[in-house]
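Q: Would you mind keeping the following structure in view while I ask a few things?
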Amino acid sequence: MSDQAAQHRKPEWLKIRLNTTDNYHFLKKLMRAEALHTVCEEARCPNLQECWGTLRTASFMILGDTCTRRCRFCAVNTGLPGAVDKLEPLRVAGAVEHMKLRHVHITMVNRDDLPDGGASVMAATVKAIRWKSPQCSIEVLTSDFMGSEDAIRAVVESAPDIISHNVETVRRLTPRVRSRSSYDRSLEFLRIARRLAPGMVTKSSIMLGLGETAEEVEDTLADLRRCDVDVVNIGQYLQPTRNHIPVRRYWTPQEFSRFKEIATEKGFLFCEAGPFVRSSYHADAQFHGFQQHIARLREAKAAVMPPVSH
């Protein structure tokens, strides 16, 4: 299939079914009433119908709806963000409580305009959720904070259950796909997070379909393991608009299954891989599923894997 054909001919396995149930309308009304943003809507996630309509869950996006970076794969608005809303953490916590979530996924826009990149707001959001819903596990997906260890520490010390930062793509494609971002800086973020919180689960995600090779994907998985990352998600990139970088290839479900096997062989505690997989995909079931086995998996991994170099 040519590059041009790939842009317009989605395979059968990428068809999305609409699911605007009562759950969907409940969440949409709640987000509007509380003036909250979700990456589900802002990034045009293909799983919105499933997550909102069936699972009654959402991925909250804090610090506004405008990002200071212009990554070529992302549909989130780009520009000069507004002032920080100091009450946003409490509104997010209130929504989590109202939704009766047992696991919540919080992400953020890049805020390079702020001295700490927004780390203090992310930390305040984690603490507010802990206060309102102490039984709820918390997963945060943050920017790279331009490599600031103090900013990373602020988030780590708020004690989320999972701290995540995405490499997004392979090393070779990073300059073309991501804006003001560095492959090595992303890896360093994950190294710092592991060093600051040895017992915390770390996670990253990769998009396929941007022109990477299978060998480059394996190399990226190896790089993440060298940072002692626990969990990796691998999904298919879908072009949100014609103004974004085009899809170069649709990887098959069978190929995703093979990457999941490779990730397991490399020592990841868990890998979710498939065409519709995103950073927050089935995050609730994923966390509580591998959490039940994490001690056993860590012991088994330590017995068979060589020491991780730092």
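The values are calculated or read from the model by the stated rules, or taken from the named source; none is laboratory data. Remember, it's a predicted structure, so these values are computed and weren't measured experimentally. Heads up, the Cβs are rebuilt from the backbone with ideal geometry, glycines too, and the neighbour counts pull from every protein chain shown.
Q: If I ask for residues that are in contact (Cβ under 8 Å) with a residue 60 or more places away in the chain and crowded, with 20+ Cβ neighbours inside 10 Å, which ones from the range 195-208 would you list?
A: Those that are in contact (Cβ under 8 Å) with a residue 60 or more places away in the chain and crowded, with 20+ Cβ neighbours inside 10 Å: Val201, Lys203, Ser205, Met207.
Q: So, one more: When the range 206-222 is examined, which residues are found to be under 23 Å from Met146 (Cβ atoms) and at pLDDT 95 or above? If you could, list the steps in order and put the result at the bottom.
A: Here is the first cut: in the range 206-222, the ones under 23 Å from Met146 (Cβ atoms) are 206-207, 220.
Answer for the range 206-222, where residues must be under 23 Å from Met146 (Cβ atoms) and at pLDDT 95 or above: Ile206, Thr220.
Q: So, one more: Take the residues in the range 100-139 that are in contact (Cβ under 8 Å) with a residue 40 or more places away in the chain and acidic (Asp, Glu), then tell me which one is nearest to Cys71 (Cα to Cα).
A: Here the residue is Asp112.
Q: So Met122 ticks every box in (1) buried (at least 24 other Cβ atoms within 10 Å of the Cβ); (2) modelled with pLDDT under 95; (3) under 24 Å from Gly147 (Cα atoms) but one. Which box is left unticked?
A: If we test Met122 against (1) buried (at least 24 other Cβ atoms within 10 Å of the Cβ); (2) modelled with pLDDT under 95; (3) under 24 Å from Gly147 (Cα atoms), just (2) comes out false.
Q: I'm trying to understand the selection: among the residues of the range 179-193, which are among the basic types (Lys, Arg) and at pLDDT 95 or above?
A: Residues satisfying the conditions are Arg185, Arg191.
Q: Does Arg225 satisfy the criteria of being under 24 Å from Met61 (Cβ atoms), at pLDDT 95 or above and part of a helix (DSSP H, G or I)?
A: When the stated conditions are applied, Arg225 does not pass them.
Q: When you look at Val247, is it surrounded by 18 or more Cβ atoms within 10 Å (Cβ to Cβ) and either under 15 Å from the mean Cα position of the chain (by Cα) or without any contact (Cβ under 8 Å) to a residue 12 or more places away in the chain (or both), yes or no?
A: No, not satisfied.
Q: Count, please, the residues in the range 251-261 that happen to be more than 15 Å from Gly209 (Cα to Cα) and either hydroxyl-bearing (Ser, Thr, Tyr) or surrounded by fewer than 18 Cβ atoms within 10 Å (Cβ to Cβ) (or both).
A: Here the count works out to 3.
Q: Same structure again: Can you find a residue that is touching a Pro at 6+ places or on another chain (Cβ under 8 Å), at pLDDT below 95 and more than 25 Å from Arg70 (Cα to Cα) anywhere in the range 161-176? I'd like the intermediate steps shown before the answer.
A: So the first thing to find is which residues in the range 161-176 are touching a Pro at 6+ places or on another chain (Cβ under 8 Å), and the list is none.
No, the range 161-176 contains no residue that is touching a Pro at 6+ places or on another chain (Cβ under 8 Å), at pLDDT below 95 and more than 25 Å from Arg70 (Cα to Cα).
Q: Return yes when Val217 is part of a helix (DSSP H, G or I), free of Cβ contacts under 8 Å to residues at least 60 places away in the same chain and under 19 Å from the mean Cα position of the chain (by Cα) and no when it is not.
A: yes
Q: Exactly one condition in (1) at pLDDT 95 or above; (2) buried (at least 17 other Cβ atoms within 10 Å of the Cβ); (3) aliphatic (A, V, I, L, M) is false for Met146; which is it?
A: (2)
Q: Any residue in the range 172-191 that is in contact (Cβ under 8 Å) with a residue 24 or more places away in the chain, within 21 Å of Phe60 (Cα to Cα) and not aromatic (Phe, Trp, Tyr)?
A: No, the range 172-191 contains no residue that is in contact (Cβ under 8 Å) with a residue 24 or more places away in the chain, within 21 Å of Phe60 (Cα to Cα) and not aromatic (Phe, Trp, Tyr).
Q: Hey, another quick one. Filter the range 231-244 down to residues that are part of a loop (DSSP other than H, G, I, E, B) and touching a residue at least 60 places away in the same chain (Cβ under 8 Å) and give me whichever is surrounded by the most Cβ atoms within 10 Å (Cβ to Cβ).
A: By that ranking, first place goes to Tyr237.
Q: Being modelled with pLDDT of 95 or more, over 29 Å from Ser148 (Cα atoms), of a type in the set (Phe, Trp, Tyr) and outside any loop (DSSP other than H, G, I, E, B) is the requirement here; does Phe256 meet it?
A: On the way: modelled with pLDDT of 95 or more: yes; over 29 Å from Ser148 (Cα atoms): yes; of a type in the set (Phe, Trp, Tyr): yes; outside any loop (DSSP other than H, G, I, E, B): yes.
Answer is yes for this residue.
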